[in-house]
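First up is the structure itself, then whatever we jot down about it.
The values are calculated or read from the model by the stated rules, or taken from the named source; none is laboratory data. Small disclaimer: the values here were computed from a predicted structure and weren't measured. Here the Cβ positions follow ideal geometry from the backbone for every residue, glycine too, while neighbour counts run over all protein chains shown.
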Amino acid sequence: MKILIANIGSTSLKWRLFDFSNSAEKLLHKGGFERVTDYPKAIEDCLAQLREAGHIQSERDLAAVGFKTVIAKDVTGCVRLDDRVLAAMEAYNGLAPAHNPPYITGIRLFGQRLPGVPLIGLFETAFYQFAPPAMMRYGVPQAWHDIGVRRWGFHGASHKFIAERSAQLLGRDDIARRAQNLYVDGGATVVNQAALRVISCHLGGSSSITGIRNGVAIGNSLGMSPQSGLPHNNRVGDLDAEALPYAVKTLGISVEEAQRQLSKEGGLKGLSGVSNDIRDIQEAAAKGNVNAQLSIDVFVSEARRWIGGYFFQLNGADALVFTAGIGENRAELRAAICADLDQLGIVLDPVKNAAVRAAEGVISAEHSRVKVLVIPTNEELVVARESKRLIEARP
Ligand code: AMP
């Protein structure tokens, strides 16, 4: 069974092709295009690459195309992307303006090009559907909550992968299975099990932190939109609700221009004035650029704020996990985030930390009560697994 996972940006198309034949999980092919101006052609070229590589003879060899969809009104989990679901995504375009519109367009184009192939979405919000309600509310009137002004949480595929893999690495296959079957079995409290407490730090172009108890998320630093939580590469992160009207009035700019600045000129880019890429920022900081250093310090401080919150909510942690571009590659930032936490039982081994890059590994000291792990994420595999499960249950 071959399942194509398509990652759609406003000007990019990336894909991975998985083969689940003979109960294996094999990545057959991955590729992508940046600066896409003609999306139908990009889809055509993707299919041509899969044919030329000999992975498919025709599109009829695809059992499904899966998408890491972001958010929809009254829909979450893993679902067929029919007209009803696309309309529900459209209804929440305002909550994810950078993500939902290109996904809806891309999914429609895949549907036109591959009429017989099931299109399946795993929503990024799915992992938080079992989180305690108190962790997902804002202090807003009911009418605001009812139109979607609440914490939703995102990066669900990535944090779910970390929930599964960290449990395996910690010798808790029971919890790994539970995390894997979460969308079938539900998130009911498990009794008679020692709790496994994991804090997952997805730090990349977009960053979020999640607390996970026994494979089930208790919340996520991303709130109503992917604009919130930690500062992102060029998106603002958490901001006081009064800031937007104040800046609009005081700077004499429109609400739309303020939103553009917060989503394109904010975050690490806005703070540093250097770049949206942490590598450039670190280079500038090393040469003495004060704002570059400040942006790193803010990022580290916000990461510690969220880790600390989940540490408290979970009554400690068995593991702290770093993943995504920054989490997997930047040992200096991992060290800064974990600095001076020995009283909480978090102690890195500097040699191990420096040695682990874009690979799985333990980076904590032997005597660290909390294991600190680096786990490369695999969001596409999570989407492919759930897509497979859905078409097997309802072909
Ligand atoms: P992601 O969103 O997970 O693809 O992460 C991308 C971000 O990770 C980039 O914006 C970089 O700031 C950061 N990064 C740091 N080091 C590396 C690296 N060696 N390779 C890729 N990304 C890196």
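When we screen Lys264, Lys269, Lys287 for residues that are of a type outside the set (S, T, N, Q) and at pLDDT below 95, the only hit is Lys264. Would you please name the residue that is farthest from the chain's Cα centre (by Cα), looking only at residues in the stretch 117-151 that are within 22 Å of Arg385 (Cβ to Cβ) and in a loop (DSSP other than H, G, I, E, B)? The selected residue is Val117.
Looking at this structure, is Ser225 buried (at least 24 other Cβ atoms within 10 Å of the Cβ) and either in a loop (DSSP other than H, G, I, E, B) or modelled with pLDDT of 95 or more (or both)? Answer is no for this residue.
Got at least one residue in the stretch 340-347 being among the hydrophobic types (A, V, I, L, M, F, W, C), in contact with an Asp or Glu (Cβ under 8 Å, 6 or more places away or on another chain), buried (at least 18 other Cβ atoms within 10 Å of the Cβ) and closer than 20 Å to Gly211 by Cβ? Step through it out loud before you land on a result.
Residues of the stretch 340-347 that are among the hydrophobic types (A, V, I, L, M, F, W, C), as a first pass: 341, 344, 346-347.
Filter again for in contact with an Asp or Glu (Cβ under 8 Å, 6 or more places away or on another chain), leaving none.
No, the stretch 340-347 contains no residue that is among the hydrophobic types (A, V, I, L, M, F, W, C), in contact with an Asp or Glu (Cβ under 8 Å, 6 or more places away or on another chain), buried (at least 18 other Cβ atoms within 10 Å of the Cβ) and closer than 20 Å to Gly211 by Cβ.
So which of Gly106, Gly116 is buried (at least 17 other Cβ atoms within 10 Å of the Cβ) and of a type in the set (Gly, Ala, Ser)? Testing whether each residue is buried (at least 17 other Cβ atoms within 10 Å of the Cβ) and of a type in the set (Gly, Ala, Ser) leaves just Gly106.
Hey, any hits in the stretch 365-380 for a residue that's surrounded by fewer than 18 Cβ atoms within 10 Å (Cβ to Cβ), touching a residue at least 60 places away in the same chain (Cβ under 8 Å) and away from the ligand (no atom under 16 Å from the Cβ)? So far as the stretch 365-380 goes, no, none of its residues is surrounded by fewer than 18 Cβ atoms within 10 Å (Cβ to Cβ), touching a residue at least 60 places away in the same chain (Cβ under 8 Å) and away from the ligand (no atom under 16 Å from the Cβ). Spot the failing condition for Lys249; the list is (1) out of contact with any helix residue (DSSP H, G or I) (no Cβ under 9 Å at 6 or more places or on another chain); (2) outside any helix (DSSP H, G or I), and only one is missed. Of (1) out of contact with any helix residue (DSSP H, G or I) (no Cβ under 9 Å at 6 or more places or on another chain); (2) outside any helix (DSSP H, G or I), only one is false for Lys249: (2). All of Ala354, Ala358 fail the test of being in contact with a helix residue (DSSP H, G or I) (Cβ under 7 Å, 6 or more places away or on another chain), assigned to a loop (DSSP other than H, G, I, E, B), under 16 Å from Val321 (Cα atoms) and not β-branched (Val, Ile, Thr), apart from Ala358.
Per the listing Gly266, Gly237, the residue uniquely touching a His at 6+ places or on another chain (Cβ under 9 Å) and either within 17 Å of Pro97 (Cα to Cα) or within 15 Å of the ligand (Cβ to nearest atom) (or both) is Gly266. Residues of the stretch 322-351 that are more than 14 Å from the ligand (Cβ to nearest atom) and either assigned to a strand (DSSP E or B) or free of Cβ contacts under 8 Å to residues at least 12 places away in the same chain (or both): Ala339, Asp340, Leu341, Asp342, Gln343, Ile346, Leu348, Val351.
The condition of being more than 14 Å from the ligand (Cβ to nearest atom), of a type in the set (A, V, I, L, M) and crowded, with 19+ Cβ neighbours inside 10 Å holds for only one of Ala384, Ala355, that being Ala384.
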